[in-house]
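Here, each number is a calculation from the coordinates, and none is a lab measurement. On a predicted model such as this, the values are computed, not experimentally measured, just so you know. Note: ideal-geometry Cβ built from the backbone for every residue, glycine included; neighbour counts use all protein chains shown.
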Amino acid sequence: MRQRLPFIFPEILPPEARFFCEKSPPPPVGARTARLFALLALLATLICTLAPAPLLAQSSVRPPGAAASFPDAPEPGPANTLGTRSDAEIWDMIRGGSPRDPGVIFAPTPEGALMTTTGQQWRVLRERYIRKYAGWAPLGVIVLLVLHHLIRGPMRLKEGRSGKTLPRFTLTARVAHWFMAVVFILLAISGLIILLGRPLIAPYLGREINAVLTSAAMQGHNLFGPLFILALLWMFVKFVAGNFFHPHDLKWIFRLGGLFGHHVSSRKFNFGEKTWFWMVMLVGAVIAASGVLMLFPWLTDDLRFLQLATVLHVLGAVLLISVALGHIYVGTIGMEGSLDSMLKGEVDENWAKEHHDIWYEQMTGKPARADEPEGEEAAP
Ligand code: HEM
């Protein structure tokens, strides 16, 4: 039978005696209650420490709306992560300084700049102005042309057709023109879908159809773009000869191209046609160059050139499309006998007399008007 020893200082007992000490009878009732309380206190501490803060923070009492609460931030100083600079100062450094200066768009990139700051201005210009208003220019031209056609009607040949023709354009010149016309029209349609699909197509035909159309337009635009450069060069070679400006063109300008009924003498190309030719060449060159930059963006490391490229590309294209509508009108239903030159390569003699009298005289050696002595206007 085991002898129970009183629980006093068990460590002073021999090991065999400690066995009895460990198996000593349960402590009295008071000590058990104290242990229970200690256990409960430990549990409560654990819950408070490990429970997620938001759970404990939830309360039905909320601070008033205007109350400002600040997180416990360490004192600013070199040893903490916030540092001694404000957010604005840090962003200014990343932008290379003075970023709020409006001239930053045109100024060279500041030394040490890690980011471009003109993106916001560019986005606003593109979304609020270009995308919103650019599409109206061609539409406005269409309205004006319809009104002109209804009110004044097409320009008819006063003496009708003579039945005799003069050669005007060679086959290669006509192929160059039609190559340009087809490529330009395909680019114009696909470009306008890319530009205006979201506000004009998506709300009516749905976003899915707009997505498919825009994606196809994008592929087509990228494909025909390089062909436009080829067309420009070809047109330049074939048409530049007759398109240099001449003092004679001043008469055309002063009489507004005969808009108010005066006859205006003209060589092979009148001032309006010459202006159209150089517009196609120069604005076309800007469109082509900006298009190449957008197709190969790594050609520049300054993002602002790309932003400028998108703006110039759209504005140039909208300008050319608008004027091209007027050109197409005059070349087809707006002026009797015009289209013959680009379809057959020949024009009626009466058309030549009425619209390009000096050229007629150069070609035939005969006066364009009956009251004119032979060869008078034909002098260069
Ligand atoms: C279906 C559309 C078009 C038609 C019916 C058309 C018609 C014509 C005609 C009839 C001429 C000859 C005018 C004359 O004999 O004096 C001409 C010339 C010309 N066309 Fe078109 N054209 C069209 C589209 C375009 C397009 C899209 C462009 C360029 C973007 C263009 C650029 C030119 C140029 C640069 C000339 C020569 C004018 C000059 O050298 O002064 N054409 N066109």
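Read through the list (1) part of a helix (DSSP H, G or I); (2) within 14 Å of the ligand (Cβ to nearest atom); (3) surrounded by 14 or more Cβ atoms within 10 Å (Cβ to Cβ), then give the number of the only condition that H148 fails.
(2)
In the range 235-245, how many are within 11 Å of the ligand (Cβ to nearest atom) and either closer than 10 Å to A176 by Cα or of a type in the set (D, E, K, R) (or both)?
Counting residues in the range 235-245 that are within 11 Å of the ligand (Cβ to nearest atom) and either closer than 10 Å to A176 by Cα or of a type in the set (D, E, K, R) (or both) gives 4.
Any chance you could count how many residues in the range 251-287 are of a type outside the set (V, I, T), in a helix (DSSP H, G or I) and more than 12 Å from the ligand (Cβ to nearest atom)? So that I can check it myself, show each step before the final result.
As a first pass, look at the range 251-287 and keep what is of a type outside the set (V, I, T): 251-252, 254-263, 265-274, 276-279, 281-282, 284-285.
Subset that is in a helix (DSSP H, G or I): 251-252, 254, 256-258, 271-274, 276-279, 281-282, 284-285.
If we keep only those that are more than 12 Å from the ligand (Cβ to nearest atom) as well, we get 251-252, 254, 256-258, 285.
Qualifying residue count, the range 251-287: 7.
Find the residue count for the range 156-180, including only residues that are assigned to a loop (DSSP other than H, G, I, E, B), more than 12 Å from the ligand (Cβ to nearest atom) and within 18 Å of G242 (Cβ to Cβ). Full working, then the answer.
Initially, the range 156-180 is screened for residues assigned to a loop (DSSP other than H, G, I, E, B), giving 156-164, 168-170.
Filter again for more than 12 Å from the ligand (Cβ to nearest atom), leaving 156-164, 170.
Next, only the ones that are within 18 Å of G242 (Cβ to Cβ) stay: 170.
Total meeting the criteria: 1.
Out of A309, A317, report the one residue that is more than 16 Å from the ligand (Cβ to nearest atom) and either loosely packed, with under 15 Cβ neighbours inside 10 Å or part of a helix (DSSP H, G or I) (or both).
Just one listed residue meets the conditions, A309.
Mind checking which residues of the range 330-340 are in contact with a helix residue (DSSP H, G or I) (Cβ under 8 Å, 6 or more places away or on another chain), within 9 Å of the ligand (Cβ to nearest atom) and in a helix (DSSP H, G or I)?
Correct list: G331, T332, L339, D340.
Please work out if G206 is more than 27 Å from A309 (Cα to Cα), within 16 Å of the ligand (Cβ to nearest atom) and out of contact with any strand residue (DSSP E or B) (no Cβ under 6 Å at 6 or more places or on another chain).
Numbers: more than 27 Å from A309 (Cα to Cα): yes; within 16 Å of the ligand (Cβ to nearest atom): no; out of contact with any strand residue (DSSP E or B) (no Cβ under 6 Å at 6 or more places or on another chain): yes.
When the stated conditions are applied, G206 does not pass them.
Could you list, ordered by first residue, the pairs with Cβ atoms under 6 Å in which the first is in the range 158-185 and within 15 Å of S341 (Cβ to Cβ) and the second is part of a strand (DSSP E or B) and near the ligand (Cβ under 8 Å from one of its atoms), at least 6 apart or interchain?
From residues that are within 15 Å of S341 (Cβ to Cβ), the pairs are L166/V347; R168/V347.
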